[in-house]
Amino acid sequence: MSRYHIDIATRTFHFKEPAGTSRGVYHTRVSRFVHLTSDDLPGIVGVGECAPLPKLSCDDLSDYDAVLRRHCDDVCARGGIDVDALRDVPSMLFGLETAWLQLHRSGSTALSDTPFARGEEGIPINGLVWMGDFETMAARLEQKLDQGFSCVKIKIGAIDFSDEMALIRRLRDRYGSDRIELRVDANGAFSPVEAMDKLQQLAACDIHSIEQPIMAGQWQEMARLCEVSPLSIALDEELIGVNTLERKRQLLDTIRPQYIILKPSLHGGMAGCREWIELARERGIGSWITSALESNVGLNAIAHLAAEVYGPAINMPQGLGTGQLFTDNIEMPIAIHGDKLWYRF
């Protein structure tokens, strides 16, 4: 049996601008990188990124480094990845899956056999407008439009809702839904009591969908909203920590959302995301994949996963426009041109 070895390195990335969400503002991002080698593959290294989100990931653990080391040792000892043993630590599973893929593709960062990986096809992505004050968000929005995005996602829930609605109305007055697809992400900012009124106001602006209008864990309330909402609801945080097949089925059958949004670092690694997508398809539920503020190492892996599960010729914009967030990102052969992400090997 091949002998494997894993080294772990920690790196802190710095945001160009504070990344504001309803859960707080990020100024830096800490990632652990697993470097996987094999005695049978001399000179080849597979690299994966393990990057839990503070106060959000189900594996945001105080002893994260020690737990990661144990799982790395287990992978080396068994000569492979035991997905079930890593279900509850999705960011670690995602990093190890990425490293394993790259090692067994002779060190190539082309982690799929797809038109995207061959540079023949770009993946459509949405532009992302972070939370901020009204003028800052308006300026960011105009910048995304100038860059050529036809789908824009706006983070809401951090400033006064009337100001956010004014911004959205101003955009919709200027660009119809045939020109710009608008998505909003509330990150659970609405209370169940006020949610329907706000959903109705948003629906009047022809919004494509809203992510996580109320806080996760309120399955019956979310089910009620999904049944009567005038605009589509997409689950995000709701999926965190729901790691077994049975619980995934229970969640989807109870809430019946219109969409689910998948982040490998949060939702079960690549294997877990594939499970979610298959279960959703069986129920007529749509989905798309986004990053969770990883560096370009994680972003590249997520892009290749999206290319595999949704391609070829992906139509739904994915949430993969995060590669330009950091001042000190890692160079990878991915780049945004217009409103698509391309792999340039």
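The values are calculated or read from the model by the stated rules, or taken from the named source; none is laboratory data. Since the model is a prediction, treat every value here as computed from it, not as a measurement. For accessibility, only protein heavy atoms count, side chains too; no ligands or nucleic acids. Shrake-Rupley method; radii C 1.70, N 1.55, O 1.52, S 1.80 Å.
Annotations
- Accessible area in the full protein assembly, largest first, 1.4 Å probe, for Asp339, Asp7, Asp206: Asp7, Asp206, Asp339
- The angle separating the long axis of helix 245-255 from the principal Cα axis of greatest extent in the chain is about 0 degrees.
- Taking only protein heavy atoms and a 1.4 Å probe, the accessible area of the range 79-201 is 45% carbon and sulfur.
- Here the 3J(HN,Hα) profile of the range 227-237, calculated from phi with Karplus coefficients 6.51, -1.76 and 1.60 at θ = phi - 60°, is 6, 10, 4, x, 9, 5, 10, 10, 8, 9, 4 Hz, Gly and Pro shown as x.
- Taken per residue, the accessible surface of the range 31-132 reaches 38 Å², heavy atoms only and a 1.4 Å probe.
- For Lys55, a cut-off of 19 angstrom between C-alpha atoms picks up these aspartates and glutamates, skipping any fewer than 8 places away in its own chain: Asp63, Asp65, Asp88, Asp185, Glu211, Asp236, Glu237, Glu238, Glu294.
- When shorter helices are ignored and each DSSP H run of at least 4 residues is given -39500 (n - 2.57), the per-residue value for the chain at 222 nm works out to -11000 deg cm²/dmol.
- Of all lysines in the structure, the ones whose alpha carbon falls short of 23 Å from that of Lys198, not counting any fewer than 8 places away in one chain, are Lys153, Lys155.
- Solvent-accessible surface ranking, highest first, for Asp173, Asp185 at 1.4 angstrom: Asp173, Asp185
- On Cα atoms only, tilt of 134-146 relative to the major axis of the chain in degrees: 70
- Per-residue accessible area (protein heavy atoms, 1.4 Å probe) orders Arg69, Arg32 as Arg69, Arg32, starting from the largest.
- Summarising the amide proton neighbourhood of Leu341: residues at separation of 5 or more, or on other chains, whose placed amide H is nearer than 5 Å comprise Ile123, Ile125.
- 5 angstrom amide H check on Ser209, placed H, neighbours 5+ away: Val184
- For Cα Rg over 2.2 N^0.38 Å, calculated from these coordinates, the label among (i) 1.68; (ii) 0.98; (iii) 1.18: (ii)
- Compared with the dominant Cα axis of the chain, that is its longest principal axis, helix 269-282 is turned about 50°.
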